[in-house]
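Here is the structure we will look at.
The values are calculated or read from the model by the stated rules, or taken from the named source; none is laboratory data. Keep in mind it's a predicted model, so treat the numbers as computed, not measured. Neighbour counts run over all protein chains shown; Cβ positions are idealised from the backbone, glycine included. Ligands, DNA and RNA are excluded from the accessible area calculation, which covers all protein heavy atoms including side chains. Shrake-Rupley method; radii C 1.70, N 1.55, O 1.52, S 1.80 Å.
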Amino acid sequence: HKSLKKILDSGRNLGRCDGVHLNGKVAKGDGKDEPLFTMEAGKTYKYRICNVGLKTAINVRFQNHQMKLVEMEGSHTMQNEYKSLDVHVGQCFAVLVKADQDPEDYYVVASTRFTRRQVTATGIIRCKKGKGPASSELPPPPVGWAWSLNQFRTFRWNLTASAARPNPQGSYKYGAINITRTIKLANTAGEVDGKLRYALNGVSHDNEFKTPLKLAEYFNIAKKEFEYDTIPDNPPEKTETIQVKPIVLNITHRHFVEIIFENHETAIQSYHLSGYSFFAVAIETGTWSPEKRKNYNLLDAVSRHTIQVFPKSWAAILLTFDNCGMWNIRSEVWDRFYLGQQLYVSVLSPNLSTKDEYNIPEDAQLCGDVIGLPKPKPYT
């Protein structure tokens, strides 16, 4: 991590993907590979697939087997079957795979997507009492990002599955809630003092602050560290220069907010929101405008916490900000995150109530400008 940090601090990005691993391993295919997992003929197995890479989307497929998608980032999905799945940075899926083929070894294959040079890794899935090694003929990956966009449109929330629902509690009818604020975030890249920075709406988040943002807010000295709403809700038409400063949006408690991620670049993006799940209602090409809402899925969009944005495209999410605190919206592409493509949303308890947010723990470590300050009046 020190070497990677040194690269980024010098004002460069991390470059192209060097390799892909499956649970830290890559099968050599020489017949001596230890299996990642062993299956028994006729049984069904659940595999949880997570892309925990730094910056590259991957496609995952099981040789000669179908995958039945059953869960996505905590939400039950309609159980469609897939030959392969694109898993973007930070995303997790759960699939069911039935051992219904001839008992022998099979490859699980993971390969990079949207890269000039495709990098592929394989792992062995072994069948008990298997008769032979895996075939060297690997299932081919899909081509192009339009395929991935179409796959996104097949993901649907399973409204018949019993599980806790996102707020409003127990509600499936998120499409009937009035939107109280629309925030459009456009990502850009540029140089500041000769070094690479990434920005949202023309501002690159500065993470070098003396006092952590939440502590400064809790102790009522936020003005010393940052200003609220330093970026507009709509990106400027032209961004000639990038500013570097903390980005904190002030969000009203329990407001139902629409966030549009707009990608004018040629690289695919992936975003995560901490502390919340949101309804991923649309991804489309081009630029967003209010009339595009007619294309939203307002019935059974999956409730999740990451979403990809394809090149020259936009993505829309809807959520109720009912979880008080200071929460991070960030690029999951880690050189972009480190170099400023992130922000925080502050959701304050209007009644200073412990029903909304706990008081600071008595043993919390203090730092920066809050050292020596009297603790604020506790929430009740």
Starting from the Cα of LYS377, step 7 Å along the direction of its Cβ; do the same at TYR45; then give the gap between the two resulting points in nm.
-> 6.0 nm
What is the list of residues in segment 88-128 whose amide nitrogen lies under 14 Å from a point 7 angstrom out from the Cα of GLU81, following Cα to Cβ?
-> 96-101
Under the Karplus relation 6.51 cos²θ - 1.76 cosθ + 1.60, θ = phi - 60°, what is the ordered set of whole-Hz ³J(HN,Hα) values for segment 199-216, x standing for Gly and Pro?
-> 9, 10, 6, x, 10, 9, 5, 8, 9, 9, 10, 5, 10, x, 4, 5, 5, 4
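Restricting everything to alpha-carbon atoms, can you work out Rg to Rh for segment 60-124 with a Kirkwood hydrodynamic radius? If you can, show how the numbers build up before the last one.
Details: Rg = 12.9 Å, Rh = 13.1 Å.
Ratio value, two decimals: 0.99.
Roughly how many debye, to the nearest 20, is the charge dipole of segment 20-154 about its Cα centre, given +1 on each Lys and Arg Cβ, -1 on each Asp and Glu Cβ, and no other charges?
On the way: 19 positive and 13 negative charges, 44 e Å.
That gives a dipole near 200 debye.
How long are the semi-axes of the ellipsoid equivalent to segment 171-224, from square roots of 5 times the Cα gyration tensor eigenvalues, in whole Å, largest first? Walk me through the numbers on the way to the answer.
On the way: eigenvalues 183, 104, 14 Å².
Three semi-axes, in Å: 30, 23, 8.
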For the chain, modelled as a GNM with alpha-carbon contacts under 10 angstrom, which of PRO290, PRO236, PRO133 fluctuates the most?
-> PRO290
Under a Cβ-Cβ limit of 4.7 Å, which cysteines in the chain have nobody to pair with?
-> CYS17, CYS127, CYS324, CYS367
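Given all pairs of different Cα atoms, what value in angstroms does the Kirkwood hydrodynamic radius of segment 304-361 take? Spell out each step's value before the answer.
Values: mean 1/r = 0.0719 Å⁻¹.
Averaging 1/r across every pair of different Cα atoms and inverting gives 13.9 Å.
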Pick out which of TRP157, TRP147, TRP288 has the largest mean-square fluctuation in a Gaussian network model of the chain, springs linking Cα atoms closer than 10 Å.
-> TRP147
Cα-Cα longer than 20 Å, checked against LYS43/LYS128; LYS238/LYS294; LYS195/LYS223; LYS32/LYS55; LYS68/LYS131; LYS210/LYS245, kept in input order, equals LYS238/LYS294; LYS195/LYS223; LYS32/LYS55; LYS68/LYS131
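With the convex hull built on the Cα atoms of segment 265-380, state its orientation-averaged projected area in nm². Write out the running numbers ahead of the final one.
Numbers: hull surface 40.8 nm².
So the mean shadow area of the Cα hull is 10.2 nm².
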Based on the Cα coordinates of segment 104-144, what is the per residue volume of their convex hull in Å³?
-> 61 Å³
Counting only protein heavy atoms and rolling a 1.4 Å probe, one gets per residue an accessible area for segment 20-154 in Å² of 52 Å²
Taking only DSSP H segments of four or more residues, each worth -39500 (n - 2.57), what value at 222 nm results for the chain once the sum is divided by all its residues, to the nearest 500 deg cm²/dmol?
-> -2000 deg cm²/dmol
With the other protein chains left in place, how much accessible area per residue, in square angstrom, belongs to segment 312-380 at a 1.4 angstrom probe?
-> 48 Å²
Build a GNM of the chain with springs between Cα atoms under 10 Å: which of GLY175, GLY42, GLY286 gets the top mean-square fluctuation?
-> GLY42
For ASP363 and ASN328, compute 0.36 nm times the residue count separating them, minus their Cα-Cα distance, and round to one decimal in nm.
-> 10.2 nm
According to the Cα gyration tensor, what semi-axes, each the square root of 5 times an eigenvalue, does the equivalent ellipsoid of segment 215-289 have, listed from largest to smallest in whole Å?
-> 26, 19, 12
Would you please calculate the Kirkwood hydrodynamic radius of the chain over all C-alpha pairs and express it in Å, rounded to one decimal?
-> 22.8 Å
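So if I take the alpha carbon set of segment 174-347, get Rg, then get Rh from the Kirkwood formula, what is the Rg over Rh ratio? Spell out each step's value before the answer.
Details: Rg = 15.7 Å, Rh = 16.5 Å.
Rg/Rh: 0.95.
What number do you get for segment 23-105 when its Cα radius of gyration is normalised by 2.2 N^0.38 Å, N = residues? Before the final figure, lay out each step's value.
Numbers: Rg = 13.6 Å, N = 83, 2.2 N^0.38 = 11.8 Å.
With N residues counted in segment 23-105, Rg over 2.2 N^0.38 Å equals 1.16.
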Roughly to the nearest percent, how much of the accessible area of the chain is carbon and sulfur, given a 1.4 Å probe?
-> 50 percent
Can you give the charge dipole size of the chain about its Cα centre, rounded to the nearest 20 debye, using +1 on the beta carbon of Lys and Arg and -1 on the beta carbon of Asp and Glu?
-> 580 debye
